[in-house]
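Single-structure report; data block below.
Read the figures in this text as sums done on the coordinates, not as results from a lab. Everything quoted here is computed from the prediction, not taken from an experiment. Note that each Cβ is placed from the backbone with ideal geometry, even for glycine, and that neighbours are counted across all protein chains shown.
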Amino acid sequence: MTEENEYLSIPGHVPVKVAAKMLGLSEDRVFQHIYSRRLRAKKVGGRYMLDIHEVEDFKRNPPGRVRERAPKWRIYDRRIKLLNTQIVVPIREGQEGILEEKIQEMYIAQEHRLSGTMGRYILRNIHSPELVTISLLWKDNEMPDEVTQHRELEAFKATFADVLDWERAVFTHNEGVLYT
């Protein structure tokens, strides 16, 4: 063990570098939380040490702002329609883990963004976790032609063919009426 590691070894405490790894944050971000007093730390020999239990119990703020009140309902402009394709599709038995991996790969590679979509959601059903809902949102004036839309959706389906049972999928097409 190096002298630095021995120096930083205080029972029940971790240095900033370890706390950052535990929290999935950068060291700079941990320092910001220390300076803003969201994380308490003790300075020992010029280095900050954090109580391991406090690090484990630390609650990160969700991204974005917290709403003070729910937004108002609005009616869509008659010149533009919001269109939604909703697909409810079962996960093939035993493929839940593979689905999570494929979703992560798609996210990292930023694949299947589907031309013209203004929103894309992949949701797992809370009461029936074997079902996935895919919700795609378009403004009608930004929606691609049918050939492009079909080609891109087929490529998306092909990526998930081994984990989602497309033969049992239920597709619905909806038009927006109110929104927030």
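A few points about this structure:
- Surrounding net charge for Thr180, when Lys and Arg each add one and Asp and Glu each subtract one, Cβ distance under 12 Å: +4
- Cross-link partners of Lys17 among lysines, defined as those whose alpha carbon lies under 24 angstrom from its own and excluding same-chain residues fewer than eight positions apart: Lys42, Lys43, Lys59.
- Distance (nanometres) between label positions extended 7 Å along Cα→Cβ at Thr180 and Leu131: 2.3
- Pairwise label distance in nanometres, Ala70 with Met118, each label 7 Å out on the Cα-Cβ vector: 2.1
- Around Glu130: net Lys/Arg minus Asp/Glu count, Cβ-Cβ under 14 Å: -1
- Principal-axis tilt of helix 96-109 within the chain, Cα atoms, nearest 10 degrees: 90
- Extension gain, Ala169 to Ile108, is 19.4 nm, computed as 0.36 nm per intervening residue step minus the present C-alpha separation.
- Between amide H atoms placed 1.01 Å from N, distances below 5 Å from Arg92 occur with Leu164, Asp165, all of them 5 or more places distant or on a separate chain.
- Direction-averaged projected area, Cα convex hull, the chain: 16.1 nm², rounded to one decimal.
- Each stretch of four or more DSSP H residues adds -39500 (n - 2.57); spread over every residue of the chain, this sum gives -9000 deg cm²/dmol at 222 nm.
- Relative protection proxy for 14-22, 169-177, from highest mean packing down: 14-22, 169-177 (other beta-carbon atoms within 10 angstrom).
- Residues whose amide H lies under 5 Å from that of Leu39, counting only those 5 or more places away or on a different chain, are Ile34; hydrogens are built 1.01 Å from N in the peptide plane.
- Amide hydrogen neighbours beyond the local backbone of Val44, cut-off 5 Å, H modeled: Met49
- Percent of C-alpha pairs per 5 Å bin, the range 74-179, short to long: 2, 11, 20, 25, 18, 13, 7, 3, 1, 0
- Net charge of neighbours whose Cβ lies under 12 Å from the Cβ of Ala155, counting Lys and Arg as +1 and Asp and Glu as -1: 0
- Mean separation of Cα contacts under 8 Å (6+ apart) over length of the range 74-179, as relative contact order %: 49
- Cα gyration tensor, the range 127-180 - rounded (a/c under 1.5), prolate or oblate: oblate
- All Cα pairs of the range 3-57, percent lying beyond 15 Å: 39
- Average Cα contact separation per residue, the chain, under 8 Å, 6 or more apart, as relative contact order %: 25
- The range 3-57 - charge dipole about Cα centre, Lys and Arg +1 at Cβ, Asp and Glu -1, debye rounded to 20: 280
- Farthest towards the positive end of the charge dipole of the chain, among the residues Thr159, Leu136, Ser36, is the Cα of Ser36, using unit charges on the Cβ of Lys, Arg, Asp and Glu.
- Simple spin-label estimate for Ile80 and Glu142 in nanometres, 7 Å along Cα-Cβ: 0.7
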